[in-house]
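Structure, as structure tokens:
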Amino acid sequence: MRDAQPSTIYLKDYRVPDYLIDKTSLSFHLGERSTEVTSRLTMRRNPAAETASQSLELHGAELELLSLAINGDVLPEGDWEQQGELLCIHRVPEAFELECKTRIYPQKNTSLEGLYKSSGMFCTQCEAEGFRKITYYLDRPDVMSVFDVEIIADADAYPVLLSNGNCTATETLDNGLHRSVWHDPFPKPAYLFALVAGKLSRISDSFTTMSGRDVALHIYVEEKDLDKCDHAMQSLKNAMRWDEEVYGREYDLELFNIVAVDDFNMGAMENKSLNIFNTSCVLAKPETTTDAGFQRVEGVVAHEYFHNWSGNRVTCRDWFQLSLKEGFTVFRDAEFSADMGSPTVKRVEDVTLLRTAQFAEDAGPMAHPVRPDSFIEISNFYTVTVYEKGAEVVRMIHTLLGPEPFRAGSDLYFARHDGQAVTCEDFVKAMEDASGVDLSQFRLWYSQAGTPQLSVQGDYDAQAQRYTLSVTQSCPATPGQAEKAPFHIPLKVALLGEAGQLPLQLKGQPQDTETADNTEMVLDVTEAKQQFVFENVIESPVASLLRGFSAPVKLSMNYQRADLLRIMQSDSDGFCRWDASQQLGLAEIRNALAAQAAGEAAEVAQDYLDACQQLLEDTQLDPAMVALMLQLPSEAYLAELISPVNVHAIHQAREALRKGIATALVEPLQAAYRRCASDEAYRPSAEQIARRSLKNAALSYLMYTSHGPEMAREQFETSRNMTDRSAALNAIVNSDMPYKSDALQRFYQDWQHEPLVINQWFQVQAMCRLPGTLERVVELMSHPAYDAANPNKVRALVGAFCGQNAVNFHSEDGAGYAFLADRVIELNRRNPQIASRLLGPLSKWRKYTPEVQQRMRGQLERILAEPELSSDVYEVVSKSLKD
Ligand code: B3K
Ligand code: ZN
């Protein structure tokens with residue numbers, strides 16, 4: 001819980017550590033009431049220390065200190081003192097061994113940080129600052145140490161004992177105990193330490209690395225889940241091979257373990273050679289897991305594995321540099337997933353997340369740069385900005401350098417910094433040194449928050465055969481940053497002619513005759529206002545801009561409707577085709593909103609309907625792209641584009657349009673549905689996933705017509721895979737079919753023994769758009785399958801309702817806001833990280849109309865008035881309320 005004055009930590013205050021820990025030897029005695037931890041730290045003064053102080057300050061939280069000794073001599077009480085999370089030993093020698101015994105209570109640890117119990121097993125989560133809940137330590141990422149770990153526990157209750165590195169000894173002891181010893185040869189910061197003890201089963205496989213070394217691979221789960229591990233194992237092997245082929249990175253130990261746990265605050269954790277995963281990111285089988293679930297397992301397994309180099313071998317100097325490992329690793333996992341499936345679909349999905357969640361964060365009270373310069377609670381900075389925008393920043397470096405120089409930069413970065421704790425600056429410098437590309441101005445992406453706005457105007461001079469793009473950029477103020485300097489924005493462009501892309505010849509630049517494709521180029525936008533003139537342009541073109549979403553910016557362009565239709569129908573860039581469909585959809589929404597305000601019925605424009613019909617009948621185009629392009633912009637995205645946000649008007653307008661589209665296109669929708677149905681055995685292949693996505697998109701439209709309900713019912717009753725079954729259930733739950741309660745009951749009965757499926761059951765109900773949903777959610781909180789101590793359950797019910805069901809969360813009586821505030825207050829003590837995460841939707845109160853603002857604000861004030869707020873919740877609430 002927070003001190004009286006929660007303090008802000010600043011990047012500018014970074015100092016190297018005064019002491020180093022060469023060796024860390026830990027011994028755990030795991031008990032049913034408490035656990036005893038003995039640590040022996042081989043320490044010495046840091047030759048680079050910036051102060052002459054002879055005192056040692058160690059981090060520690062919620063620890064019972066049993067004894068403290070230096071070089072074998074027990075320290076008398078007056079030689080040390082405790083202040084908040086610091087233990088200060090007044091005088092220590094230049095080099096010494098510190099022995100420290102502590103007692104901790106994992107069984108009572110509900111924060112799921114440090115050592116805790118989940119479904120009968122012991123497990124750890126140390127990033128960012130959880131190790132200090134295990135023992136006193138220099139719990140900061142720039143202190144790297146070689147770890148030896150001894151675990152002693154009851155042999156029957158905890159037959160499997162695991163830690164990082166290699167197991168060097170196992171032994172049976174008296175009193176039913178056993179012991180196992182682990183040695184990790186790679187120095188690492190404490191946040192990568194892990195321990196697991198429990199009754200676990202495993203599947204095993206092996207991988208031969210590019211230099212011919214064999215690595216044993218194990219996935220540990222509860223026995224009942226052994227049938228759901230194959231996809232994760234295959235994903236792991238694919239990721240290991242991909243990292244060798246694409247980045248030249250080889251795995252470095254003989255053993256790689258994954259353990260799945262039920263209670264976990266996030267997706268997974270990259271602890272050295274002992275990755276700990278939320279079960280939701282490991283377990284998958286067709287009957288229980290949707291396509292999205294399969295893809296998530298693949299992506300997260302790869303992400304954690306890739307951290308072995310981008311995060312573990314080269315780690316962060318301090319937590320302000322978090323994006324150094326997260327941004328780079330998200331970029332790596334996105335490229336991997338693109339290679340394993342459909343690159344365009346993956347890109348569209350990632351851009352969608354960025355343009356809704358990240359742009360919203362950038363526009364809200366918690367806006368921060370990719371490399372923040374201050375924080376109160378670091379756990380609040382595992383954000384879409386640090387992760388997803390961070391990945392976009394790495395992607396822009398890739399775009400500016402080109403693939404080979406980027407790879408050379410990555411090689412140089414790993415070679416130069418292997419075994420070190422470094423900064424984002426070190427990463428950029430390596431990229432610059434290897435490529436010769438000047439990234440000075442580009443560095444602003446790390447230090448300036450906010451989403452740049454790019455306005456482009458295209459003008460064609462037929463006589464001079466010249467096409468001019470006039471570009472202006474600006475970036476709104478964000479907390480603590482009123483003025484922004486212009487960014488270096490890579491703007492990928494092509495010019496579309498009647499019969500395809502035109503050759504590009506930029507004025508003032510020699511014509512590129514070497515590359516095969518001179519119809520696409522990256523413009524360096526570096527100034528507030530800039531012009532790019534293309535010469536020898538033989539016809540009036542349509543500019544295809546920001547191809548592949550080459551920069552995380554908001555783009556506006558003076559397009560004609562016909563231009564957008566042309567891009568949507570024929571651009572070679574899949575992202576631009578999809579984005580044009582979204583811009584046309586947005587125009588429809590704006591029309592519908594205007595009609596609604598005037599008390600008229602919304603009509604869908606005929607050319608938009610024609611374009612949708614053409615898509616549905618296009619059997620050449622990837623069905624997944626058809627499905628994506630048929631969707632109107634989501635309510636969440638619309639909330640970023642329309643100000644102030646009127647949630648109910650947006651919802652109504654969008655629903656009216658969906659109904660209009662469905663009614664006009666019943667036949668092509670039915671035909672697409674039939675074409676995509678299949679009896680094939682389930683595989684999570686790109687091709688099958690694409691067909692299911694179009695089929696289920698068609699079904700959701702058809703639900704507005706008389707054909708839908710029967711189709712949904714049949715699909716629900718006959719489908720054998722969870723993708724189709726849950727899509728049908730979702731359609732049924734959002735309809736007025738009397739069958740709804742039977743379907744929900746049947747689904748529950750079929751899957752009551754599968755917690756991950758029950759989470760889907762909670763979620764589909766929490767996301768129901770119909771009235772009465774909040775009452776249902778409250779009722780479900782008392783359901784025997786609900787458990788407020790399990791983050792997956794909280795996310796499925798409370799998170800989904802508040803974060804993904806805008807129309808109900810924003811009910812006009814304010815009940816949704818009060819509900820969320822109650823949950824945050826309840827969880828504040830139990831699990832501060834989860835409490836703070838839930839706050840997102842409330843923190844964005846300034847986007848709404850004045851009456852709504854007042855209601856939301858009132859709930860934030862109620863939370864702030866609570867005694868003993870965690871620093872996590874305090875930071876988000878106080879920053880949200882700040883003027
Ligand atoms: N590095 C972890 C996240 C830890 C979050 C701590 N609050 C997972 C990941 O990004 O791979
Ligand atoms: Zn990560």
Fill in the blank from the handout: The answer for the net charge of residues other than Ala61 whose Cβ lies under 11 angstrom from its Cβ, with Lys and Arg +1 and Asp and Glu -1, is -3
Handout entry: Extension gain from Gln752 to Ser374, taking 0.36 nm per residue of separation minus the Cα-Cα distance
Key = 131.6 nm
Handout entry: Simple label model, 7 Å out from Cα along Cβ direction - Glu77 to Ala157, nm
Key = 3.3
Practice task
Compute the length gained on full extension between Gln853 and Ala52: take 0.36 nm times their separation in residues and subtract their Cα-Cα distance, giving the result in nm to one decimal.
Solution key: 283.1 nm
Completion exercise
Note: probe point = Cα of Thr42 + 7 Å toward Cβ; backbone nitrogen < 15 Å; residues of region 136-150 passing the test are 144-149
Practice task
Could you list which residues have their amide H under 5 Å from that of Ala155, counting only those 5 or more apart in sequence or on another chain, with H placed in the peptide plane?
Solution key: Leu177, His178
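What FRET efficiency would be calculated for the residue pair Asp227, Leu66, taking the C-beta separation as r and a Förster radius of 51 Å, to the nearest 0.05?
My answer for the efficiency is 0.70.
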Handout entry: Helix-derived mean residue ellipticity, 222 nm - over the chain, DSSP H n ≥ 4, -39500 (n - 2.57), to 500
Key = -11500 deg cm²/dmol
Exercise for the section: With an 8 Å cut-off on Cα pairs and a minimum separation of 6 or more residues, tell me the relative contact order of the chain in percent. Expected result: 9
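Between Ser7 and Asp214, what's the calculated FRET efficiency when r is the beta-carbon distance and R0 is 60 Å? Round to 0.05.
0.75
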Problem - Rounded FRET efficiency, nearest 0.05, which uses the C-beta distance separating Ser741 from Glu826 and R0 of 35 Å - result: 0.75
Fill in the blank from the handout: The alpha-carbon center of region 747-820 and that of region 91-154 are separated, in whole Å, by 35
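Please tell me which of these pairs span more than 23 angstrom C-alpha to C-alpha: Lys695/Lys740; Lys429/Lys529; Lys101/Lys199; Lys237/Lys272? Kindly include the intermediate steps, with their values, before the conclusion.
Numbers: Lys695/Lys740 21 Å; Lys429/Lys529 28 Å; Lys101/Lys199 27 Å; Lys237/Lys272 17 Å.
Result: Lys429/Lys529; Lys101/Lys199 exceed 23 Å.
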Practice task
Send over the Kirkwood Rh of the chain, from the inverse of the averaged 1/r over different Cα pairs, rounded to one decimal Å.
Solution key: 29.1
Problem - Net length gained if the chain between Asp813 and Ala562 were fully extended (0.36 nm per residue, minus Cα distance) - result: 86.0 nm
Exercise for the section: Note down the net charge around Gln715, summing +1 for each Lys or Arg and -1 for each Asp or Glu among other residues with Cβ under 14 Å from its Cβ. Expected result: +3
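For region 402-539, with every protein chain kept in place, what is the accessible area per residue (1.4 Å probe, Å²)?
Result: 47 Å² per residue.
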Completion exercise
Extend 7 Å from the Cα of Gln107 along its Cα-to-C-beta direction; within region 790-811, residues with backbone N under 20 Å of that point are 790
Practice task
At 7 Å along the Cα-to-beta-carbon direction for both Arg769 and Asp607, put a label point, then send me their distance in nm to one decimal.
Solution key: 2.7
Handout entry: Cα-based radius of gyration of region 574-881 once divided by 2.2 N^0.38 Å, which approximates compact folds
Key = 1.06
Fill in the blank from the handout: Taking a straight Cα-to-Cα line shorter than 18 Å from Lys793, and setting aside same-chain lysines fewer than 8 residues away, one finds Lys117
Exercise for the section: Using only C-alpha positions, report the orientation-averaged shadow area of the convex hull of region 9-292, nm², one decimal. Expected result: 17.3
Completion exercise
Quick tally, 1.4 Å probe accessible area for Leu638, Leu770, sorted with the most first, runs Leu770, Leu638
Exercise for the section: Per residue of region 407-416, in order, report the coupling 6.51 cos²θ - 1.76 cosθ + 1.60 (Karplus, θ = phi - 60°) as ³J(HN,Hα) in whole Hz, putting x for Gly and Pro. Expected result: 5, 5, x, 5, 4, 5, 4, 5, 5, 5
Exercise for the section: Please state the charge dipole magnitude for region 9-292, taken about the Cα centre, from unit charges on C-beta atoms (+1 on K and R, -1 on D and E), reported in debye and rounded to the nearest 20. Expected result: 100
Exercise for the section: Over the alpha-carbon set of region 314-447, work out the extent along each principal axis and list the three values in angstrom, largest first. Expected result: 38, 37, 27
Practice task
Using the Karplus curve 6.51 cos²θ - 1.76 cosθ + 1.60 with θ = phi - 60°, work out ³J(HN,Hα) for each residue of region 427-434 in order, rounded to whole Hz, and write x for Gly and Pro.
Solution key: 5, 5, 5, 5, 4, 5, 4, 6
Exercise for the section: Along Cα→Cβ, 7 Å out, is where each label goes; now give me the distance between the ones at Asp339 and Glu866 in nm to one decimal. Expected result: 4.5
Practice task
Order the peptides 235-243, 522-530 from the highest to the lowest mean number of other Cβ atoms within 10 Å of their residues.
Solution key: 235-243, 522-530
Practice task
Collect residues whose amide H, placed 1.01 Å from N in the peptide plane, falls under 5 Å from the amide H of Leu546; neighbours closer than 5 in sequence don't count.
Solution key: Lys492
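The values are calculated or read from the model by the stated rules, or taken from the named source; none is laboratory data. The structure presented is a predicted model; accordingly, all values stated were derived computationally and were not measured. Cβ: placed from backbone, ideal geometry, glycine included. Neighbour counts: every protein chain shown. Heads up: the accessible areas ignore ligands, DNA and RNA and are worked out on the full protein's heavy atoms, side chains in. Shrake-Rupley method; radii C 1.70, N 1.55, O 1.52, S 1.80 Å.
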